[in-house]
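Encoded as structure tokens, the structure appears first; notes follow it.
The values are calculated or read from the model by the stated rules, or taken from the named source; none is laboratory data. Just so we're clear, the structure is a prediction, and the values are computed from it rather than from any experiment. A quick note on method: Cβ atoms are made from the backbone with ideal geometry, for glycine too, and the neighbour counts reach across all protein chains shown.
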């Protein structure tokens, strides 16, 4: 599937336009890389500073005592170690929310791709429409609904909305159409395998790159989820990292303020480390998942 | 353990009784003789005692640093009561969450901290419990007149926790270095700003970007302006009264001559500017020393505090900048217990001591006048007895100030109206006129009769 893509690219690169445009592209891309990495560099460098040297030094170079380990230690013990609790909460929301979203999207996407039933076009329209609605727009109505059901300020107010991933469903759907040959399913049926057994022993294996892609998207989305927990949760013991860190940041404002900018920065660095690891580890699946369906076999 | 707890309860009860007796003694100044042991409809103080004895659980939202220690002390004194403490981080998030919970009809805490300026908004919306029936009227003599006025309009809607009478914090090291005198009038203040900029353009007399409505309104208050008058549904707004113009005129000079830094307050840049002295003064509330100590340790020893400059060189007059009270919400299932906690929180010696230990600036007359408080020498302020200056400020707050019933909204649009003037280095009066128009429109939409 990827071979024809590569062929086409190499064909193009041998044309007379290629050298000039590639220089330009390289320059543009380098700019983008710098643009994307600069904040990361700032974050990494700043997390090695004490609060005093944060204020008095140039942001993109080291200054003052090297306080990274002290900062990490302080981040974990500040306010009786609530950072660790937030870390656990984020993990819980990711496992339940993103895990559930991936499972549901896989089942539904596969079903829509491989089974014919009345109303399929309608479902298609609803899913496409749902992709177009940003989650933020639904946050307030969801809050009002959940508050009537008495679910606000519980972990379910974060997990349940995270379970819905129309984009993931669509991705699996498109991926399943191409990667699970209908002939294979028919063969399995002829051999007497039930639909569930066919799904788990044959289709799921073929779907792995798509599933990992959807999982990656859901994990990143849930890990970074901000607005929903902001309005749903008031108990700091339920906060995910995003809200918790913002609360530490807010602490710098107003009467009785206790600025802990160094801990906010170190906490942010610690927050993105797991997601970077997950991303680097799973990105090969992501690339192959994204190109799914882009080329006719 | 049990014995100790018992002793504490006994001590607390005894203290409360004594306090009550003291209050009866001093509250007979011509007021209609209501007995404090409350035969009234709410059951008065008795209902509170009974509720504290019976126990239960309540939720308390706050962003006060001392809250955790206060709640722990309370639970030790009243073992039957369980207080769930929620740190809301800051006033903004606190108000948004509270407004959400009130709109949703559930989820609000029993007791919550509110800034004085946000209080009328929740009071008018019928979201708070009138504490008059719990005998809270007897507590009036405990608090400074300006803070008590903020919680008592047609009822008693909370108890003051802290106050923020304004004073002028200045960086003595910078003043000495550039040979400046501490200004006593705003004209001298402007001259000091000019001298500072002339000597070194990196140094500014203060910072203000026209985005902090709390500062703007406090400065108008200090200049003698009383732009808001609220009488039930009738609201009068005049942001061009004499006092407002007096402030806007002198402050426009600072902005137009580029003497103020436009760094936004509470940013990391701001803390850095205070630590280095490049922001050389701050006219701000008396709660600021705690912020200095926790946020700008690099500037330790450099700062001092002086009374606010005046416009006419006469007697110092100041204003409240910030400060907050705790209130009981209508959603509370156990308002008597919530009121009991609130009463302990903001009027018991034990609780106020915890609050003071964390660097808070109280609203209670007794603490403000105690020799221990006044003679405290602050190391951060080079050993200055700062509380003498700050308590003088607390005693010279201009009277008669009112906030709008929609002050939180008004403050949120202040930056849109006044901020651009700072960027264009224009006349702040124009910004105030624009702010007035927005408020008249909004107030009318909300069903108030708004006069100008």
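Annotations
- For the condition touching a residue at least 40 places away in the same chain (Cβ under 8 Å), surrounded by fewer than 19 Cβ atoms within 10 Å (Cβ to Cβ), out of contact with any strand residue (DSSP E or B) (no Cβ under 6 Å at 6 or more places or on another chain) and within 14 Å of chain A (Cβ to nearest Cβ), residue B:358 qualifies.
- Only a single item in (1) in contact with a helix residue (DSSP H, G or I) (Cβ under 6 Å, 6 or more places away or on another chain); (2) closer than 21 Å to residue B:162 by Cβ is not met by residue B:62, and it is number (1).
- Tally, over the stretch B:300-322, of residues that are within 14 Å of chain A (Cβ to nearest Cβ), surrounded by fewer than 24 Cβ atoms within 10 Å (Cβ to Cβ) and in contact with a strand residue (DSSP E or B) (Cβ under 9 Å, 6 or more places away or on another chain): 1
- Unique match (being modelled with pLDDT of 95 or more and either in contact with a helix residue (DSSP H, G or I) (Cβ under 6 Å, 6 or more places away or on another chain) or under 30 Å from residue B:375 (Cβ atoms) (or both)) among B:410, B:417: B:417
- Of the residues making up the stretch B:249-293, those that are within 14 Å of another protein chain (Cβ to nearest Cβ) and part of a strand (DSSP E or B) number 4.
- Only one of A:240, A:236, A:209, A:229 that is in contact (Cβ under 8 Å) with a residue 24 or more places away in the chain, at negative phi, within 14 Å of chain B (Cβ to nearest Cβ) and in contact with a helix residue (DSSP H, G or I) (Cβ under 6 Å, 6 or more places away or on another chain): A:229
- Taken together, the criteria place residue B:113 among residues that are within 17 Å of the chain's Cα centre (by Cα), within 14 Å of chain A (Cβ to nearest Cβ) and in contact (Cβ under 8 Å) with a residue 60 or more places away in the chain.
- Counted as qualifying within the stretch A:116-177 are the helices (runs of 4 or more DSSP H) with 1 or more residues that are within 14 Å of chain B (Cβ to nearest Cβ), namely A:135-148, A:156-162.
- Selection status of residue B:449, free of Cβ contacts under 8 Å to residues at least 60 places away in the same chain and surrounded by fewer than 15 Cβ atoms within 10 Å (Cβ to Cβ): no
- Matching entry among B:338, B:363 (being out of contact with any helix residue (DSSP H, G or I) (no Cβ under 8 Å at 6 or more places or on another chain) and under 30 Å from residue B:77 (Cβ atoms)): B:338
- Only residues that are modelled with pLDDT under 95, away from chain A (no Cβ under 14 Å) and at negative phi were counted in the stretch B:152-170, giving 2.
- Selection status of residue A:259, at the interface with chain B (Cβ under 7 Å from one of its Cβ atoms) and touching a residue at least 24 places away in the same chain (Cβ under 8 Å): yes
- So residue A:263, is it in a helix (DSSP H, G or I), within 26 Å of residue A:85 (Cα to Cα) and at pLDDT below 90: no
- Residue within the stretch B:329-342 that is modelled with pLDDT of 95 or more, assigned to a strand (DSSP E or B), under 18 Å from the mean Cα position of the chain (by Cα) and within 14 Å of chain A (Cβ to nearest Cβ) present: no
- Considering the stretch B:68-87, the residues that are farther than 21 Å from residue A:230 by Cβ and in contact with a strand residue (DSSP E or B) (Cβ under 8 Å, 6 or more places away or on another chain) include one that is nearest to the other protein chains (Cβ to nearest Cβ), namely B:68.
- From the list B:55, B:105, the one residue that fits, being in contact with a helix residue (DSSP H, G or I) (Cβ under 9 Å, 6 or more places away or on another chain), surrounded by fewer than 22 Cβ atoms within 10 Å (Cβ to Cβ), more than 14 Å from every other protein chain (Cβ to nearest Cβ) and at positive phi, is B:55.
- Test result for residue B:326, over 25 Å from residue B:402 (Cα atoms) and either in a helix (DSSP H, G or I) or within 14 Å of another protein chain (Cβ to nearest Cβ) (or both): no
- Taken over the stretch B:90-101, residues that are crowded, with 22+ Cβ neighbours inside 10 Å, at the interface with chain A (Cβ under 8 Å from one of its Cβ atoms) and closer than 18 Å to residue B:323 by Cβ amount to 1.
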